[in-house]
Amino acid sequence: MSEKMLYVAKIKDGTVIDHITAGHAMNVAKILGIGERSNGVVTIAMNVPSKHFGKKDMVKIEGRELNPEEVDKIALLAPHASINIIRDYEVIEKKEVKLPKIVTGIIKCTNPACISNSNEPVQPKFYVESEEPLSVKCHYCGYIMEKQDILKQF
Ligand SMILES: [Zn+2]
């Protein structure tokens, strides 16, 4: 079996998340609740040689397709990832994740005094200042959150 074959060994139904920033496969697994909420077969490959990025991580999840919120969370940690939906051994959909300029709804402000953490009906909103390393700024209080702050929430 060639190296290429080994890495892309097919699954019947599920999702292959490719081009994850090297070192982040475990974080992606955490976002998806793998080990807690997932009981299908999951394959995690780390530091796979990649033409474009030198090294990359991959996560293959059998029997599960990701929802849009999960895809948005992955974009925060792996802005170059691509998501392949597999049905009956064929890729039926391939999409690149995209980190928007403004992130709403999926993360909370770390500043406890922020109005978005009060009982006001305010939706958390962040401006993406930098993709890698990740840095986002709260619309309401200006607090800057980095990857570590965001990972704690998942
Ligand atoms: Zn805030």
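Rule-based calculations on the coordinates, nothing more; no lab input. Please read these numbers as outputs of a predicted model, since none were measured by experiment. FYI the Cβ positions are ideal-geometry reconstructions off the backbone, even for glycines, and counts take in every protein chain you see.
Brief remarks follow.
- Binning all Cα-Cα separations of region 63-108 at 5 Å, short to long from zero, yields these whole-percent fractions: 5, 21, 29, 21, 14, 7, 3, 1.
- Debye, to nearest 20: dipole size of region 14-65, +1 on Lys, Arg Cβ, -1 on Asp, Glu Cβ: 140
- Filtered chymotrypsin sites (Phe, Trp or Tyr not before Pro), region 3-109: DSSP coil and at most 15 other beta carbons within 10 Å: PHE53, TYR89
- Annotation note: trypsin sites (Lys or Arg not before Pro) in region 24-72 located in DSSP loop regions with a Cβ neighbour count of at most 13 within 10 Å are ARG37, LYS51.
- Taking amide H as placed 1.01 Å from N in the peptide plane, the amide H of GLU129 sits under 5 Å from that of SER135, VAL136, LYS137, each at least 5 places away or on another chain.
- Normalised alpha carbon radius of gyration of region 68-154 [divisor 2.2 N^0.38 Å]: 1.24
- Cα long-axis angle, helix 68-77 against the chain (0 to 90 degrees, to the nearest 10): 80
- Estimated FRET transfer efficiency when R0 is 25 angstrom, pair GLU146-VAL122 (beta carbons, to 0.05): 0.65
- Rel. contact order, % - alpha carbon contacts under 8 angstrom, at least six apart, the chain: 21
- Size estimate for the chain follows the Kirkwood approach: the inverse of mean 1/r over distinct Cα pairs works out to 16.5 Å.
- Span from the region 94-154 Cα centroid across to the region 7-57 one, whole angstrom: 24
- Environment charge of SER50, counting only residues whose C-beta is closer than 10 Å and scoring Lys/Arg +1, Asp/Glu -1: +1
- Note on the chain: with charges restricted to the Cβ of Lys and Arg (+1) and Asp and Glu (-1), its dipole about the Cα centre is near 160 debye.
- Members of LYS98/LYS147; LYS108/LYS147; LYS98/LYS152; LYS55/LYS137; LYS94/LYS147 lying beyond 18 Å, as alpha-carbon distances in this model show: LYS98/LYS152; LYS55/LYS137; LYS94/LYS147
- Within the chain, percent of DSSP bridges classed antiparallel, to nearest 5: 95
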